[in-house]
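Everything on this sheet refers to the single structure shown next.
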Amino acid sequence: MFGTVGERMVSEKKKDVAKPWILFALIGLLILFRFLLAAGLGNTINSEAGYDDGWFVNSSYLHSYVTANSAWSMIKSPVYFVFLWFVRKSHIPLWFWSSLLWLAVSGLCWFIMSRLTKNRKILFFGFIFILFCPIAFDYRSGLKIYRSMFMAPWLGLFFESYLLLTMDFWLKKKVPLKSVFWDIGLVSVTYPIAYLSKEDGLWLLAVLIFTVSACLIRIGVEIAEYLRNNRILNDGFSSLLKRNGVLILLLALPFCVSFAANETVRCINEKAFGVRLINSRTEGELAHFASLVYEIDSSKRDSIYWAPNDALFSAIEASPTLKNEPELLKRIYKGSFFDLSKEQIHGDFIPWVILSALADSKTWESGEKTQAFFGQVNDEIEEAFRQGKLKKQEGRFFLTKQAGSRSVEEIFNLWPYMVNTLRGSILLDSYKVTMKPSIDSNSGTFKKAQNTAHEDLFAPANQANQEQLWNNRKIANGIAELIFWIYRIMNPLLLLTGFISWVYLLLNQFRQISGEPKIIYLLSSVFCMIGIWIAYVFVVSWFSEFIFIEDGLDDWARSILTFYTAGGITLQYLTEVFSVLLVFEFFKKLKSTRPLNP
């Protein structure tokens, strides 16, 4: 009998030892599978998109970027073309680096969750759920050589870094200085790069301020608790102030690093183009000109037409400097984007219209002269406001100076676009993996893209190996479509479960969980992540409604919404993972407090 019991105990110990190795072996195989899937799908590019795909590829040749003195020199933020430069110099395919970014996001997710639970099944779920995030396999947002393929995983790292930071501040009785140092280091790397990935980085600044504020509140709570428990201030209080002073200095570090990164980009652009800007569309005098036009009173302004013709013509009439450039005005009235005799400028296209007119009319000389020219124009328009020659629009609200204005009614009318954006993110109804051929494969830009990506980009029929490339991708396409199908089922189930559990815990079980810091932290994190995601969807919908004026909310429009929301999509998947963990921890707590049967 004893031998049998002993053998059973040894057997169980062997099983306990074997289980982690089996799990890690399975994870290793799935990581390998994920990389092979990315290799099978490959990437594609629209080389003709001179302001998008093509611009980033050409700018990744850094010498070409700093020497290309044209109207299009600084139209976008720099991070993605620097990433492409790195990929080209590494001589490793683009699909590998893209997959490695997603592996980093899923690995950091595992690390975060391991601080909250030791259940390997939950950790495994979170890791795999993020690793195979479906946006990585979407043609427009994950496979095309454009910045969304970089932003989706990188912003995932940014959000995970702030989860780590808040976890150290709110889950520990005493904030661990050493751990916070590493957390702040990660935030200080992820935030500046995320901010410089796209021109709308202000929303990330808002998230960082919110996160740092939560940490400062925790510092204040710790000091208040000490003062409440210790009426006599002694050396302990002095030590507490010193340690919290160090923490406050650390919390300032991401802002300092971001400022230094932004100023570095501005200095490079100033040396190359004579203007101290990060980009020429949302900064500088041209962007200010657009914001002034958005403010001019017009009965024709709505959520589609931010700069209606009468407002633009009034701005031109108020500026003698602008009126003295007939060739430029001719190209503004009828240019590459709009014919103002037949239509009006949509949304934020006025900077594009002006830049195109400067290029087409041969008026462009340099960034420095353009900055000075529009500086003079803006002074004249502002003087016209002061003199009452121009009237400012009333009863409309701005999110930012560059995002156009809306009336209260138009703000409430955003809900269909928000619903469709959320629907597309949850049900993936606009996700497509079928590879469209790369456009303009005979161009120099396409050849540069192939040299940069270190792979055969899927090209039109005149490429000899197109059929072979297509056959290689049939299996990968089928697997990606299966992944879409799985996530279409899982996403609504997980979000619904998380929402119901969140409401139930908050309304019915708050007293029971109030002494459980892990559950409270998960509850708060899920709430904050959902709030940030919905706020982001609101901002994207505010900005993008004008795109759908002709096509409505069809499949193409939803795919554009997916493209625009790529920067925040990882937040949705982190919310789903944390919702699962919240439910698990609650039932674990419920089981541990359940009375034993007599």
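Miscellaneous remarks
- Candidate cross-link partners of Lys178 among the lysines, defined by an alpha-carbon separation under 25 Å and a same-chain spacing of 8 or more, comprise Lys118, Lys242, Lys518.
- Three-way shape call for segment 349-425 based on the alpha-carbon gyration tensor, with the a/c threshold at 1.5: oblate
- Surface exposure of segment 285-401, expressed per residue as accessible area with a 1.4 Å probe, stands at 48 Å².
- With all protein chains modelled, accessible area of Phe210 [1.4 Å, Å²]: 100
- Straight-line reach from Lys198: taking Cα to Cα under 21 Å and skipping same-chain neighbours fewer than 8 places apart, the lysines in range are Lys76, Lys144, Lys401.
- Relative contact order of the chain, defined on C-alpha pairs under 8 angstrom at six or more residues apart (%): 21
- Across segment 285-401, the relative contact order, built from alpha-carbon pairs under 8 Å that are at least six residues apart, equals 37 percent.
- In the chain, excluding the sites themselves, the longest stretch lacking any of the GluC sites (Glu not before Pro) that are in a DSSP loop with at most 12 other Cβ atoms within 10 Å is 1-342.
- Note on Ile223 and Leu100: the model spin-label points, each 7 Å out from Cα along the C-beta direction, lie 4.3 nm apart.
- For segment 108-164: rounded, prolate or oblate by the Cα gyration tensor [a/c cutoff 1.5]: oblate
- Per residue of the chain, the DSSP helices (runs of n ≥ 4 H) give a summed -39500 (n - 2.57) that works out to -23000 deg cm²/dmol at 222 nm.
- Residue-span extension gain [Cys267 to Ala214] - 0.36 nm each, minus C-alpha spacing: 15.7 nm
- Accessible area per residue, Å², segment 51-139 with all protein chains present, probe 1.4 Å: 35
- Helical segments meeting 20 Å axial Cα length and Kyte-Doolittle -0.5 threshold in the chain (DSSP H): 2-41, 94-114, 148-170, 177-195, 202-229, 235-273, 466-508, 517-544, 569-593
- Here the chain exposes an accessible surface that is 63 percent carbon and sulfur, computed with a 1.4 Å probe and the other protein chains kept in place.
- Of the residues Phe584, Phe398, Phe527, ranked by 1.4 Å probe accessible area with the largest first, the sequence reads Phe527, Phe398, Phe584.
- Residue-span extension gain [Gln393 to Leu482] - 0.36 nm each, minus C-alpha spacing: 26.9 nm
- Gain upon complete extension [Val419, Leu29; 0.36 nm per residue less C-alpha separation]: 136.6 nm
- Lysines whose Cα lies under 25 Å from that of Lys342, excluding same-chain neighbours fewer than 8 positions away: Lys300, Lys323, Lys330, Lys334, Lys362
- Euclidean distance between Cα centres, segment 18-38 to segment 315-350, Å: 58
- Placing R0 at 45 angstrom, the Cβ-Cβ distance between Arg386 and Phe237 gives a FRET efficiency of 0.25 after rounding to 0.05.
- Identified option (computed Cα extents along the principal axes in Å; candidates (i) 147, 78, 49; (ii) 83, 82, 40; (iii) 102, 75, 44): (iii)
- Placing Tyr504, Tyr191 in order of accessible area, with the largest value first and a 1.4 Å probe, yields Tyr504, Tyr191.
- Global form of segment 285-401, assessed from the alpha-carbon gyration tensor, a/c cut-off 1.5: oblate
The values are calculated or read from the model by the stated rules, or taken from the named source; none is laboratory data. Values in this document were obtained by computation on a predicted structure and should not be read as measured data. When we count neighbours, we look across all protein chains shown, and the Cβ atoms used for this are built from the backbone with ideal geometry, even at glycine. Ligands, DNA and RNA are excluded from the accessible area calculation, which covers all protein heavy atoms including side chains. Shrake-Rupley method; radii C 1.70, N 1.55, O 1.52, S 1.80 Å.
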